[in-house]
Amino acid sequence: MKRLQTLVLALLATLGLVLSACGAQNTTPANNNAAAPGGGGTKTAIIGYTASLTGKLNVESTRQSNGLKLWMDQVNEKGGVKLADGTTVTFEAKFYDDESNKDRVQELYTRLATDDKADFLISPYSSGLSDAAAVIAEQYGRIMITTGAAADDTYKKGYTLVYQAYTPASRYLTGSIDMLAQLDPAAKKVAIVNENEKFSKGVADAVKAYAESKGLQVVLFEGYDAGTTDFAPIINKIQQAAPDVILGGGHFQDGSTLAKQIREKNLNVKMVGLLVAPPEPKFAELGDAALGVIGPSQWEPQVNFTAEAAQQKGMEWFGPTGSEFVSAYQAKFNEEPSYHAAGGYVAGLLLQKAIEKAGSLETTAVKSALDYTNMLTFFGALKFEVDPQAHGLQVGHDMVFVQWQQGSDGKLVKQVVWPTEGATAKALYPVR
Amino acid sequence: MSTTSDVLGRLHARPAAARWRNPGLWLGMLALLLVGLWPVVSGQAATREVIFTMLLAIALASSLNILMGYTGYVSFGHVVFFGLGGYVSMFLLSLGQPLWVAVPAGGVASGVLAFLLGKAILRLRGTYFALATIGINEAMRTFINNFGPFGGSTGISLNFSVYGNYGGAANALWLAYYAVLALALLAILVSYIVKTSKFGLGLMAIREDEDAAEVMGVFTPNAKTWAYVISAIIPGMVGALFFFKNGNIEPADAFRLQFSIETLVMIMLGGQGTVLGPILGALGYQQLRSFLLTNAFFKDYQLVIAGVLLLLIVLFIPAGAVGWLRKRFPRLRNVLP
């Protein structure tokens with residue numbers, strides 16, 4: 001037993017030595033091949049980010065970084081981006097696991113910005129983690145494209161180098177109010193029930209204000225704890241308030257349970273709109289309970305933005321079409337891309353476009369190119385707020401709304417029902 | 001873990017002046033100071049961030065050790081003080097109060113909470129106490145989640161311009177770093193003072209046998225409460241600095257139970273009930289995690305490897321590194337506090 005202990009201790013001591021030796025080695029600078037002056041040289045631009053390889057955000061975050069990787073592979077295969085001085089830039093990813101929590105996000109991003117010499121940063125998945133990373137990006141003067149981070153307040157803190165690819169939380173559900181106004185101007189009573197957590201609360205607050213500004217009456221405004229499985233008390237309150245429309249939800253688990261229990265109690269409402277859960281293909285497993293439920297999505301595979309549409313709107317078209325992206329993603333990862341994957345891809349596209357326009361990798365040049373971004377991509381329109389009050393907030397992109405409808409074969413299919421110009425089917429209204 | 005004769009031996013062998021001549025304490029603190037000043041000299045921000053995380057862990061582990069190592073009460077939910085301190089100071093910072101008001105306020109709030117709680121839950125012993133601390137952390141999270149002035153579930157965010165008051169974000173991060181270094185050193189000093197005081201002896205007597213301690217004249221409810229308060233103040237201030245540096249705070253980050261458990265692991269690695277143990281444990285644990293996370297080869301398996309290593313250590317060296325040294329080489333007991 002004693003000998004074993006000594007052995008373990010000796011092993012640990014050796015490990016300690018190895019660790020400290022490795023710690024020292026990390027100070028060697030990352031390779032940034034110097035470009036030959038006068039052009040014709042090559043350069044590698046490093047894109048740094050953390051992904052949640054472990055922990056609760058694993059699924060969404062993995063899709064997001066898959067999307068980014070696809071973009072990077074495609075650009076590099078095409079030979080990279082040409083700068084004004086003739087240098088060709090290819091891209092290389094540097095990333096670490098953030099374990100879905102905030103403890104080490106700042107440590108890892110500092111490392112990316114200094115030791116790894118990342119030229120550009122992409123945010124982690126989720127608003128909370130991105131918020132912590134943004135401080136570091138700003139402090140070290142690196143541009144950071146945030147994707148998978150919808151909360152508004154990150155952009156109201158005076159940052160100048162952080163740019164949002166997603167539609168912010170404040171406009172997540174507002175489309176459903178516009179849709180309702182078109183479908184049924186007589187419907188006036190809205191119940192809002194949401195998961196009590198940063199993102200969902202932000203969405204709920206914003207949609208409440210928007211609904212009231214449009215003359216609707218919010219008859220119930222109530223939060224429920226994350227992880228709620230029994231919605232009976234909430235549903236009783238909804239029943240008493242007798243709304244025309246239920247809006248809210250939070251994430252996949254609670255959203256689908258809520259939809260199921262609304263169906264079981266046979267609530268007599270004309271429209272149900274929930275966050276996050278409805279766009280997920282798994283939502284169809286609810287069967288009847290999924291029928292007619294609408295949900296906002298950052299992007300859907302069947303949404304068809306085209307170069308012609310861009311021309312009509314007087315915007316520039318950039319990047320692949322939706323179907324090109326879907327088939328390339330399917331070929332590489334063998335699954336249908338979700339909006340998280342599209343978000344990762346579009347973060348890369350934004351950088352690529354800005355670098356091409358700036359003809360340089362310099363932060364200031366790329367920043368001013370990003371400030372003037374106004375383009376249409378397969379993901380939708382992209383444009384940033386440049387007012388210092390909310391610099392970098394996404395103002396071009398809009399949510400699309402999906403609805404689960406009965407297909408011709410009797411199975412449930414997901415249709416895009418809003419905005420009408422991108423719709424694949426008419427909205428089913430009233431639901432019951 | 002020290003035996004009763006060890007405790008009794010120390011009663012005789014510690015004249016007041018000798019208390020300050022312990023080479024282990026000063027060497028330990030000097031070593032930590034050198035590690036802490038390393039990024040200042042080298043100017044490397046990435047190293048600073050790594051060491052920031054380590055100093056944070058040292059301050060937390062040393063503080064918790066007062067309760068867990070000396071008194072024998074395992075607090076699973078100690079992160080509640082870290083989170084509360086963070087919340088109180090972020091609230092004050094968002095109202096425009098300066099950092100040197102907000103950080104001590106965080107510490108005071110945590111201390112007050114510990115005092116109030118201690119009166120109630122320290123009457124529980126063993127597992128019951130440990131379970132109660134988990135409950136308190138969960139209750140606090142739910143409360144803050146619904147508490148409007150602290151932002152409810154959205155939490156509190158600082159405007160980037162706040163850092164301008166401290167000479168810009170770069171300076172603010174250095175300031176937070178120096179402050180955490182100071183707190184880590186303070187935590188060690190407090191831990192040593194408690195351990196070598198009569199109060200500390202009382203705590204260790206409680207750990208060995210609470211009823212016997214009471215018979216021998218230790219007024220246990222008070223002693224335990226004060227140990228709890230002392231172990232809560234520094235985590236409150238450290239939480240304030242951590243969230244100041246992060247720029248935002250949310251209930252799920254502030255009251256993360258796993259963080260508490262990691263602190264317990266650090267203490268067990270280094271050796272509970274010793275002054276140097278938590279330092280060593282925190283350094284070792286954090287170095288291991290940050291190495292595995294950023295190493296190209298290990299980063300996909302980092303949790304597996306960390307788990308296996310921890311299991312081996314807990315199985316074969318349950319007294320922790322410093323505890324094992326003290327047991328193996330009794331002479332070291334005088335120099336390794």
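The values are calculated or read from the model by the stated rules, or taken from the named source; none is laboratory data. This one's a predicted model, so the numbers in the text were calculated from it and none came from an experiment. When we count neighbours, we look across all protein chains shown, and the Cβ atoms used for this are built from the backbone with ideal geometry, even at glycine.
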Taking the condition within 14 Å of another protein chain (Cβ to nearest Cβ), in contact (Cβ under 8 Å) with a residue 12 or more places away in the chain and out of contact with any Pro (no Cβ under 7 Å at 6 or more places or on another chain), does B:Thr154 pass?
yes
Quick one: in region A:182-200, of everything that is buried (at least 22 other Cβ atoms within 10 Å of the Cβ) and charged (D, E, K, R), which residue is farthest from A:Ile238 (Cα to Cα)?
A:Lys198
Single residue of region B:32-69 satisfying the filter (of a type in the set (Gly, Ala, Ser) and within 14 Å of chain A (Cβ to nearest Cβ)) that is farthest from B:Phe243 (Cα to Cα)
B:Ser42
Selected residue (criterion: nearest to A:Gln240 (Cα to Cα)) from residues of region A:252-267 that are among the hydrophobic types (A, V, I, L, M, F, W, C) and surrounded by fewer than 20 Cβ atoms within 10 Å (Cβ to Cβ):
A:Leu267
Looking at (1) surrounded by 24 or more Cβ atoms within 10 Å (Cβ to Cβ); (2) in contact with a helix residue (DSSP H, G or I) (Cβ under 6 Å, 6 or more places away or on another chain), which one does A:Leu112 not meet, given that it meets all the others?
(2)
Do you know which of the residues in region A:416-432 that are touching an Asp or Glu at 6+ places or on another chain (Cβ under 9 Å) and not small (Gly, Ala, Ser) is surrounded by the most Cβ atoms within 10 Å (Cβ to Cβ)?
A:Trp418
Quick one: count up the residues across region B:141-171 that are hydroxyl-bearing (Ser, Thr, Tyr), surrounded by fewer than 19 Cβ atoms within 10 Å (Cβ to Cβ) and over 9 Å from B:Pro251 (Cβ atoms).
2
Filtering region A:191-209 down to residues that are touching a Leu at 6+ places or on another chain (Cβ under 8 Å), in a helix (DSSP H, G or I) and away from chain B (no Cβ under 14 Å) yields A:Val207
Among the candidates A:Phe252, A:Phe325, which residue alone is outside the structural domain of A:Glu197 (by TED's automatic domain parsing) and within 19 Å of the chain's Cα centre (by Cα)?
A:Phe325
Does region A:383-422 hold any residues that are part of a loop (DSSP other than H, G, I, E, B) and touching a Phe, Trp or Tyr at 6+ places or on another chain (Cβ under 9 Å), and which are they?
A:Glu385, A:Val386, A:His391, A:Gly392, A:Leu393, A:Val395, A:Gly396, A:His397, A:Met399, A:Pro419
Selected residue (criterion: surrounded by the fewest Cβ atoms within 10 Å (Cβ to Cβ)) from residues of region A:368-415 that are aliphatic (A, V, I, L, M) and over 21 Å from A:Ser170 (Cα atoms):
A:Val413
Considering only region B:158-180, I want to know if a residue exists there that is away from chain A (no Cβ under 11 Å) and within 22 Å of B:Ser231 (Cβ to Cβ).
yes
Return yes when A:Ala93 is part of a strand (DSSP E or B), more than 9 Å from chain B (Cβ to nearest Cβ) and hydrophobic (A, V, I, L, M, F, W, C) and no when it is not.
yes
Can you name every residue in region B:211-247 that is under 30 Å from B:Ala169 (Cβ atoms) and in contact with a Lys or Arg (Cβ under 8 Å, 6 or more places away or on another chain)?
B:Asn246, B:Gly247
Of all residues in region A:127-173, which are hydrophobic (A, V, I, L, M, F, W, C) and under 18 Å from B:Ala172 (Cβ atoms)?
A:Ala132, A:Ala133, A:Ala134, A:Val135, A:Ile136, A:Ala137, A:Leu161, A:Val162
Within region A:327-376, the residues that are touching a residue at least 12 places away in the same chain (Cβ under 8 Å) and of a type in the set (Val, Ile, Thr) are A:Val346, A:Ile355, A:Thr363, A:Val366, A:Thr373
Being under 13 Å from A:Val193 (Cβ atoms), outside any helix (DSSP H, G or I) and among the small types (Gly, Ala, Ser), is that true of even one residue in region A:223-242?
yes
How do the pairs read when you match residues in region A:100-123 that are closer than 18 Å to B:Arg289 by Cβ and at the interface with chain B (Cβ under 8 Å from one of its Cβ atoms) with residues anywhere that are surrounded by fewer than 24 Cβ atoms within 10 Å (Cβ to Cβ) and among the hydroxyl-bearing types (Ser, Thr, Tyr), using Cβ under 8 Å and keeping only pairs 6 or more apart or on different chains?
A:Asp103/B:Thr53; A:Arg104/B:Thr53; A:Arg104/B:Ser290; A:Glu107/B:Thr53; A:Glu107/B:Ser290; A:Thr110/A:Tyr140; A:Asp115/A:Thr27
May I ask you to verify whether A:Leu274 is closer than 24 Å to A:His397 by Cα and not assigned by TED's automatic domain parsing to the domain that holds A:Phe379?
yes
Which residue is surrounded by the fewest Cβ atoms within 10 Å (Cβ to Cβ), if the candidates are limited to region B:284-320 and must be facing chain A (nearest Cβ under 8 Å) and in contact (Cβ under 8 Å) with a residue 24 or more places away in the chain?
B:Gln287
Which members of region A:136-145 meet the condition of being buried (at least 24 other Cβ atoms within 10 Å of the Cβ), within 14 Å of chain B (Cβ to nearest Cβ) and closer than 22 Å to A:Gln352 by Cβ?
A:Ala137, A:Met144
